[in-house]
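The values are calculated or read from the model by the stated rules, or taken from the named source; none is laboratory data. Worth saying up front: this structure is predicted, and the values here are computed from it rather than measured. Glycine gets a Cβ as well: all are built from the backbone with ideal geometry, and neighbour counts include every protein chain shown.
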Amino acid sequence: MRKTLILSLIFGVLFTSGIKTNKKESITGQGEEFTINTKSIRINLKPYVSSGTKISLTHAIKYEAKYYCYFNEEWKAFAHSDVKHFFILSKDGKIEKSIELPDPLQNCSYFDLFILHDTIYTKPYMREKSYYLDLKTSHWIETKAVDDVIYEDKRFYVTYLDFGEWGSTTWFTDKLSGKEYELKSSGTIINRVESGYYITSNTKVLQIADPLKMKECPIDYYYETIKNKDFSYGSSSILGTKSIYNESTHSHSNFKEPKIHIVTSFKANSQLYYLCVDNVKTYIAKLVNKKLFPIQNISGKYSTFDWNYSYRCKIQNDGFQLLKFSSDKKNEYGFIELNGLKINIQYLKLIK
């Protein structure tokens, strides 16, 4: 049984007041200058949800300056009665549309929301169908299941499957030859810079100078074959890769958390940077000689999260990334938008 295991970083978030505020700061470190814009907005859910229910943000993407979000409404008094809501939000938090969900989406627990080839998709876990959002009619349309793609460029198409305790596999498909190359990898964030491809997970970074030097797959282990099987083992190959960072302070067997979590990696001015969290701060870092060096702190401590089975196409074609964070405070969530040297932090206050 395939299941994506997502680590949530458990930190508190200090929120601004419900009044809309804006803050801008610029800090320079080792020649880099990141500009951080902070904004707090209210989202009025009163017309759509019942009083007294718990509302949670579960999935969100940003497309053409609007946010597309799933919210879960939890009814504690009734078992299996949670209700999903799908909203299109303006950049100021106004609900522009509430879109009805077909029963297969309303009734599934694990699914992914992502953008592929300028189309918004929802893919339920272990289902043979996916759904795309028709922006003209504002309806979800059933379609065949889309691939488990995590990255694509002119030369390679990269897919990923997690087999739980049996490992995981990343496939690089060469568009020129059709051949596939396999890799043991738990990372789903891929960046391409001049020196190769970089795969980032919470605790590791792998460099692939040339995917054609990875292990070539036998035909019976091609992605299209394996994804249709009920069971499979993950690849054991690390051929053609180089480990350039490994956070060694954690231990799964002893339940020991790492001192540093890598939230994600991102490009700015053709350089690769890392958004990290330790036990006291969130910061941007550079990787030098297999060590992460902080170059700029971000005011606040953020608990980023992803729903189970949510890992596809995290980085858009222009390098943009949208991260979600939550707080222990009631009805408070937010977005971190990474766009080169610009970082936008959007605090959300859910009004219900």
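With Ala285, Ala268 as the choices, which residue is hydrophobic (A, V, I, L, M, F, W, C), touching a Gly at 6+ places or on another chain (Cβ under 9 Å), more than 17 Å from Cys69 (Cβ to Cβ) and buried (at least 16 other Cβ atoms within 10 Å of the Cβ)?
Details: Ala285 fails: touching a Gly at 6+ places or on another chain (Cβ under 9 Å).
Residue meeting the stated conditions: Ala268.
Working carefully through the options Lys91, Lys154, find the one that is more than 23 Å from Ile190 (Cα to Cα) and part of a loop (DSSP other than H, G, I, E, B). Don't jump to the end; show me each part of the working.
On the way: Lys154 fails: more than 23 Å from Ile190 (Cα to Cα).
After applying the criteria, what remains is Lys91.
One line per residue, one yes/no per condition, for (1) among the aromatic types (Phe, Trp, Tyr); (2) closer than 20 Å to Lys330 by Cβ:
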site: Tyr48; (1), (2): yes, yes
site: Ser56; (1), (2): no, yes
site: Lys62; (1), (2): no, no
site: Lys97; (1), (2): no, no
site: Leu101; (1), (2): no, no
site: Tyr110; (1), (2): yes, no
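Output the residues belonging to the stretch 134-151 that are assigned to a loop (DSSP other than H, G, I, E, B) and farther than 26 Å from Asp210 by Cα. Even if it seems obvious, please write down each step before you answer.
Going residue by residue through the stretch 134-151, those that are assigned to a loop (DSSP other than H, G, I, E, B) are 135-138, 145-148.
Within the stretch 134-151, Leu135, Lys136, Thr137, Ser138, Ala145, Val146 meet the criteria.
Which number in (1) within 23 Å of the chain's Cα centre (by Cα); (2) under 26 Å from Glu332 (Cα atoms) marks the one condition that Glu128 misses?
Going through (1) within 23 Å of the chain's Cα centre (by Cα); (2) under 26 Å from Glu332 (Cα atoms) one by one, Glu128 breaks only (2).
Which of the residues belonging to the stretch 172-191 are part of a strand (DSSP E or B) and surrounded by fewer than 17 Cβ atoms within 10 Å (Cβ to Cβ)? Before the answer, list the steps.
Residues of the stretch 172-191 that are part of a strand (DSSP E or B), as a first pass: 172-174, 180-183, 189-191.
Across the stretch 172-191, the qualifying residue is only Asp174.
Rundown of residues vs (1) touching a strand residue (DSSP E or B) at 6+ places or on another chain (Cβ under 7 Å); (2) surrounded by 13 or more Cβ atoms within 10 Å (Cβ to Cβ), yes/no style:
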| site | (1), (2) |
| --- | --- |
| Lys94 | no, yes |
| Phe111 | yes, yes |
| Phe114 | yes, yes |
| His117 | no, no |
| Thr122 | yes, yes |
| Tyr131 | yes, yes |
| Val149 | yes, yes |
| Thr159 | yes, yes |
| Thr170 | yes, yes |
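For residues that are among the hydroxyl-bearing types (Ser, Thr, Tyr) and farther than 26 Å from Lys129 by Cβ, scanning just the stretch 198-233, find the one that is surrounded by the fewest Cβ atoms within 10 Å (Cβ to Cβ).
Residues of the stretch 198-233 that are among the hydroxyl-bearing types (Ser, Thr, Tyr), as a first pass: 198, 200-201, 203, 221-223, 225, 232-233.
If we keep only those that are farther than 26 Å from Lys129 by Cβ too, we end up with 198, 200-201, 203, 233.
Values: Tyr198: 22, Thr200: 25, Ser201: 19, Thr203: 20, Tyr233: 12.
Per the criteria, the residue is Tyr233.
So Ser310 clears everything in (1) surrounded by fewer than 21 Cβ atoms within 10 Å (Cβ to Cβ); (2) closer than 20 Å to Thr200 by Cβ; (3) among the polar types (S, T, N, Q) except one condition, right? Which one?
(1)
Just give me the residues in the stretch 192-217 being under 19 Å from the mean Cα position of the chain (by Cα) and part of a loop (DSSP other than H, G, I, E, B), in sequence order. Spell out the reasoning first.
Filtering the stretch 192-217 down to residues under 19 Å from the mean Cα position of the chain (by Cα) leaves 192, 197-206.
Ser201, Asn202, Thr203 - these are the residues of the stretch 192-217 that are under 19 Å from the mean Cα position of the chain (by Cα) and part of a loop (DSSP other than H, G, I, E, B).
What are the residues in the stretch 297-330 that are in a loop (DSSP other than H, G, I, E, B) and among the hydrophobic types (A, V, I, L, M, F, W, C), if any? Show your work before the answer.
Step one: filter the stretch 297-330 for residues in a loop (DSSP other than H, G, I, E, B), giving 299-302, 306-320, 327-330.
Correct list: Trp307, Cys313, Ile315, Phe320.
For the stretch 333-349, enumerate the residues that are surrounded by fewer than 19 Cβ atoms within 10 Å (Cβ to Cβ) and within 16 Å of His59 (Cα to Cα).
Just the residues of the stretch 333-349 that are surrounded by fewer than 19 Cβ atoms within 10 Å (Cβ to Cβ), to begin with: 337, 339-342, 344.
Glu337, the sole residue that qualifies.
Take the residues in the stretch 331-352 that are part of a strand (DSSP E or B) and basic (Lys, Arg); name whichever of them is modelled with the lowest pLDDT.
From the stretch 331-352, those part of a strand (DSSP E or B) are 332-339, 342-351; that's our starting set.
From what's left, basic (Lys, Arg): 342, 349.
Details: Lys342: 96, Lys349: 93.
Restricting to residues being part of a strand (DSSP E or B) and basic (Lys, Arg), the top hit is Lys349.
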